[in-house]
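Notes to accompany the following structure.
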Amino acid sequence: MKLRTDIVEMLQQGAHQQDIMRTLHVGATLVVSHREALHLPAPRRGGTPLRPIETEFHARTEHVDGGHLRWTGYHANGVPKLGRQGGHFSAYRIAFGLLHTREPVGRVRPGCGYPRCVEPTHLEDQTIRIQLRSQMAGIFGGTS
């Protein structure tokens with residue numbers, strides 16, 4: 001499914017479904033399908049609106065030497081997690097989504113060697129790791 005960037009941006013900013021529908025003149029089904037494709041939780045009913053996920057993410061990080069971004073929030077089984085609407089989501093996957101316009105393939109983890117680094121430019125998914133191995137093999141020889 002090809003995702004509309006305007007809907008994706010509003011969802012990631014925490015906009016309510018009704019606001020998205022009214023602003024972009026789209027139906028509920030389209031907004032719901034985009035939210036599901038982005039693996040975002042169902043909207044809350046009533047209460048205060050959610051802060052954008054990017055804001056929640058950065059509220060739980062701190063910059064450290066070497067250009068790394070240390071996760072200061074919750075961890076489960078060694079993986080940084082962000083609690084949102086009763087669920088816990090991988091901070092690695094959230095950070096990956098802040099930089100890339102595609103869903104990560106396989107596990108996302110830091111390639112920089114700094115433990116639990118969530119700097120988006122330091123994260124690798126399976127696709128990136130395969131590309132890096134192939135490039136290294138091309139430079140230094142050996143099998144990819």
Q: Obtain the nm distance between the two label points defined at residue 136 and residue 38 by a simple spin-label model: each point lies 7 Å from its Cα along the Cα-to-C-beta direction.
A: 3.4 nm
**Q.** Choice from 109, 93, 22 showing the highest fluctuation, given a GNM over the chain with Cα pairs closer than 10 Å
**A.** 22
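Over region 43-143, what relative contact order in percent results from Cα pairs under 8 Å that are six or more residues apart? Before the final figure, lay out each step's value.
Values: 121 pairs, mean separation 20.1, N = 101.
In percent, rounded to a whole number, it is 20.
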Q: Find the eigenvalues of the gyration tensor of the Cα atoms of region 51-144, then list the square roots of 5 times those eigenvalues as equivalent ellipsoid semi-axes, largest first, in whole angstrom.
A: 27, 14, 11
Q: Would you mind telling me which residue in 111, 66, 87 has the biggest mean-square fluctuation in a Gaussian network model of the chain, where springs connect alpha carbons within a distance under 10 angstrom?
A: 66
Q) Taking the Cα-to-Cβ direction at residue 77 and at residue 5 and moving 7 Å from each Cα, how far apart do the two end points lie in nm? A) 3.6 nm
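Per the helix-only calculation at 222 nm, which mean residue ellipticity applies to the chain, given -39500 (n - 2.57) for every DSSP H run of n ≥ 4 and division by its residues, nearest 500 deg cm²/dmol?
So the calculated ellipticity at 222 nm is -11000 deg cm²/dmol.
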Q: In whole Hz, with x marking every Gly and Pro, tabulate ³J(HN,Hα) for region 119-134 from phi via Karplus 6.51 cos²θ - 1.76 cosθ + 1.60, θ = phi - 60°.
A: 5, x, 6, 9, 8, 10, 10, 4, 4, 5, 4, 5, 4, 5, 4, 5
(Q) Between 85, 131, 12, where does the largest GNM mean-square fluctuation fall for the chain, given springs only between Cα atoms within less than 10 Å? (A) 131
**Q.** Acute angle (nearest 10 degrees) that the helix 28-37 long axis makes with the longest principal axis of the chain, alpha-carbon atoms
**A.** 20 degrees
Q. Residue 124's amide H: which non-local residues (gap 5+, or another chain) put their own amide H closer than 5 Å, with H modeled 1.01 Å from N in plane and none for Pro or chain starts?
A. 109, 111
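Only the coordinates and a few stated rules stand behind these numbers; no lab work does. The model shown is predicted, which means the values in this text are computed figures rather than measured ones. Backbone-built Cβ (ideal geometry, glycine too); neighbour counts: all protein chains shown.
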